[in-house]
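A quick write-up on the structure given underneath.
The values are calculated or read from the model by the stated rules, or taken from the named source; none is laboratory data. These numbers come from a predicted model, not from an experiment. Because the Cβ atoms are built from the backbone with ideal geometry, glycine has one as well, and the counts that use them run over all protein chains shown. Areas reflect the complete protein model, heavy atoms only, side chains present, ligands, DNA and RNA absent. Shrake-Rupley method; radii C 1.70, N 1.55, O 1.52, S 1.80 Å.
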Amino acid sequence: MNQDPWIWIGAFLTIGILSFLYKENPFYRFCEHLFVGVANGYAIAVTYHLVLTPRLILPLQGGNYWVLIPMVIGLLYFFRFVPRLSWLVRIPIAVALGFSSGVSIPAIIQADVIKQIQGTVIYPHLFSNWQQGLWAVLIFIGVLSTIFFFFFSREHKGVLKPISYLGIIFIMVGFGASFGYTVMARLSLLIGRLQFLFGTWLGLIK
Amino acid sequence: MKFWEYLLRIDRRIVFLLVGLSVLIPLLFPFRIKTNVMPYTQKLFDVIETIDPENQGILISADYDPQTMPELHPMFIALLRHAFARRIPVLVMTSYIQGPGLAQQGLNQVTEEFNARAQTNQDSILYGRDYVFLGYPPLWLAAVLRMGSDISQAFPADYYKNRTASLEMMKKIKNYNDIGVIISIAGSAIPQSWVIYANTRFGVRVGSGATAVTAPDFYPFLQTGQMCGMIAGLKGASEYEYLVSTKYNLTGATPATRGMGSQSIAHLMILLLVIIGNIGYFATRRKK
């Protein structure tokens, strides 16, 4: 059994969180609140040491006063709490939105739209290998039929009905794959905790 | 017929207990399962195999936090082992505020493991020569874009407050041209953002280590070649551990591989419960 007090604390907090499986209880709530508090406290400390110190405090001490501009813009966020001057908060929001939109929109269109459309298009080169060709056709049919399913400005009857029904099948297959993966993910987290409890803490797993 | 009705009303706590036991017992009494390596795990492994350590390094972005650690931390360890075994320079960063501690822990573990076997200075894994930990950048997007032109401008100081440009390894690695592959290990959509901002814009290869929940989101990027490989979930991590340990004969903790017995038995238990539930449902419905 491990002698490290931190491991013991970790073990008791883990048991506290897992106790929710039996039923809601104060031990669980204490652990949950402690986790949220510690996570936020940790985030503040890391932000101070890894962001504010190297990017603001040290440059200011070194005589670089340009960093005062982003500092002032950032501080404007706090005017959210002053009703008469709360409009000033729009300035940092505008800067953040402008920067992220300007950078993101062209890149996202390129990566998420154009490249994905290219990936769906069937071209002769794909049929050099029959497996690759089969998957390309399947992806083409799957994408088209799924898009048809989400085409709601027309009633799904006539030709639209079987195509959108095929779309539902593809969507269900997708959901099934996602669910299977989700089960695996949740079990992996449980495995991690049990490895900690029965290995690191109790020493029963070598 | 009462039996079937009972099956439909099993207390959820009994289900939790059964699943818990099916996870715990294989951990206490482990058994080996044959590892079938999935194509995308193999692809990522092959990409790292093709990197020339003299000319290029790899960037591992540990974009995860304690919530997803059981799945993702083994991937980080396995990737570090692979890179160090091939003597590929490794840059590590994190885009999650809770990530630096985990990344540092992983780096310490693997460097200690390699240095315990080292005979000479050349065999050892040294900070600044073999790897650099860049830490957590404010405004991640700006850092990613800036690294395309100059990494030491995006990170003027490393995690340990050394001047990045002064480190021996950073004299060889200036920007994405000197990075063979970026691997983002994340439980969120961060790898997709790496594709958007690093791959699309700068052409650098991007791979991912994903939790099983997020892995299906990345298949479209793998299919189009925007991602060069993926380690998916605990199974992917165990596959990568297997590839690295068999090729380089490395010994060391393999938590993902150890967890696969539990994963398999627990999946069988869930399948069994689903089948029993369905039989109960159809049996009672026929009666009505």
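Note on the stretch A:42-136: with neighbouring protein chains present and a 1.4 Å probe, carbon and sulfur make up 73 percent of its accessible heavy-atom surface.
Interface burial in the stretch B:192-214 reaches 40 Å² or more for B:Ile196, B:Tyr197, B:Thr200, B:Ala212, B:Val213, comparing the full protein assembly with the chain by itself; accessible area from heavy atoms with a 1.4 Å probe. Taken as entire DSSP H runs, the helices of chain A that both span 30 Å or more between Cα atoms along their own long axis and average 0.5 or more on the Kyte-Doolittle scale are A:26-47, A:160-195. Overall, the stretch A:86-206 carries a charge dipole of about 260 debye about its Cα centre when +1 sits on the Cβ of Lys and Arg and -1 on the Cβ of Asp and Glu, all other atoms neutral. Of the residues in the stretch B:249-268, those shielded by at least 30 Å² of accessible area once partner protein chains are present, compared with the chain alone at a 1.4 Å probe, are B:Arg258, B:Gln263, B:His267. Of B:Asp63, A:Asp4, the residue with the largest accessible area leads and the full order is A:Asp4, B:Asp63 (1.4 Å probe).
Give me the summed buried accessible area for the B-A pair, 1.4 Å probe, to the nearest 100 Å².
So the buried area, both faces added, is about 4300 Å².
A simple charge model with +1 on the Cβ of Lys and Arg, -1 on the Cβ of Asp and Glu and nothing else charged puts the dipole of the stretch B:130-286 at about 220 debye relative to its Cα centre. Heavy-atom surface analysis with a 1.4 Å probe gives the stretch B:1-85 a carbon and sulfur content of 63 percent of its accessible area.
The calculated Kirkwood hydrodynamic radius for the protein assembly as shown is 25.5 Å, given to one decimal from all distinct C-alpha pairs.
Taking the C-alpha atoms only, the angle from helix B:233-248 to the longest principal axis of chain B is near 50 degrees.
Comparing B:Ile196, B:Ile125, B:Ile185 in a Gaussian network model of chain B, where Cα atoms under 10 Å apart are tied by springs, the biggest mean-square fluctuation is seen for B:Ile196. Measure nothing fancy, just the Cα-based angle from helix B:12-28's long axis to the longest principal axis of chain B, in degrees from 0 to 90, nearest 10. Here the helix axis deviates by roughly 50 degrees. Rounded to the nearest 10 square angstrom, A:Lys115 shows an accessible area of 70 square angstrom against a 1.4 Å probe. A:Val95 exposes around 80 Å² of accessible area when a 1.4 Å probe is run over every protein chain in place.
Mean residue ellipticity, 222 nm, helices only, chain B: the sum of -39500 (n - 2.57) across DSSP H runs of n ≥ 4, divided by residue count and rounded to 500, is -16500 deg cm²/dmol.
Surface listing: B:Arg205, B:Arg32 arranged by accessible area from highest to lowest gives B:Arg32, B:Arg205, probe 1.4 Å. Dividing the helix sum by the residues of chain A, where each DSSP H run of 4 or more adds -39500 (n - 2.57), gives a mean residue ellipticity at 222 nm of -21000 deg cm²/dmol.
Look at the stretch B:8-15: the mean tally of other chain Cβ atoms within 10 Å of its residues' Cβ atoms is 1.
Given a 1.4 Å probe and heavy atoms of the protein chains only, how would you sort B:Arg12, B:Arg81, B:Arg286, A:Arg154, largest accessible area at the top?
Numbers: B:Arg12 120, B:Arg81 15, B:Arg286 200, A:Arg154 165 Å².
Sorted descending by solvent-accessible area, the residues read B:Arg286, A:Arg154, B:Arg12, B:Arg81.
For the residue pairs A:Lys115/B:Lys43; B:Lys174/B:Lys235; B:Lys43/B:Lys174; B:Lys172/B:Lys235; A:Lys115/A:Lys157, alpha carbon separations beyond 29 Å are given by B:Lys174/B:Lys235; B:Lys172/B:Lys235; A:Lys115/A:Lys157.
In whole percent, and with a 1.4 Å probe on the protein chains, what portion of the accessible area of the stretch B:188-254 is carbon and sulfur? After summing per-atom areas, the C and S share lands at 51 percent. Compared with the dominant Cα axis of chain B, that is its longest principal axis, helix B:69-85 is turned about 40°.
Among the residues of B:68-74, the average count of other protein chain beta-carbon atoms within 10 Å of the residue beta-carbon is 4. Largest mean-square fluctuation among A:Phe175, A:Phe149, A:Phe81, in a Gaussian network model of chain A whose springs join Cα atoms under 10 Å apart, belongs to A:Phe81. Sorted largest first, the spans of the alpha carbon positions of the stretch A:87-165 along the three principal axes are 59, 38, 13 Å. Amide hydrogen proximity for B:Tyr131: with H placed 1.01 Å from N in the peptide plane, the residues at 5 or more positions away or on another chain lying under 5 Å are B:Val90, B:Leu126.
Computed with a 1.4 Å probe over protein heavy atoms only, the accessible surface of the stretch A:6-59 comes to 65 Å² per residue.
Backbone amide hydrogens, once placed in the peptide plane, bring B:Gly209 within less than 5 Å of B:Ser184, B:Ile185, B:Ala186, B:Ile231, excluding anything fewer than 5 places away on its chain.
Taking the Cα centre of the protein assembly as shown as origin, work out the dipole magnitude from +1 charges on Lys and Arg Cβ and -1 charges on Asp and Glu Cβ, in debye rounded to 20.
1380 debye
Only Cα pairs within less than 10 Å get springs; with that Gaussian network setup on chain B, which residue of B:Ala165, B:Ala157, B:Ala142 has the largest fluctuation? Comparing B:Ala165, B:Ala157, B:Ala142 in the GNM, the peak value goes to B:Ala142. Surface analysis of the stretch B:111-159 yields an accessible area of 43 Å² per residue, using protein heavy atoms and a 1.4 Å probe.
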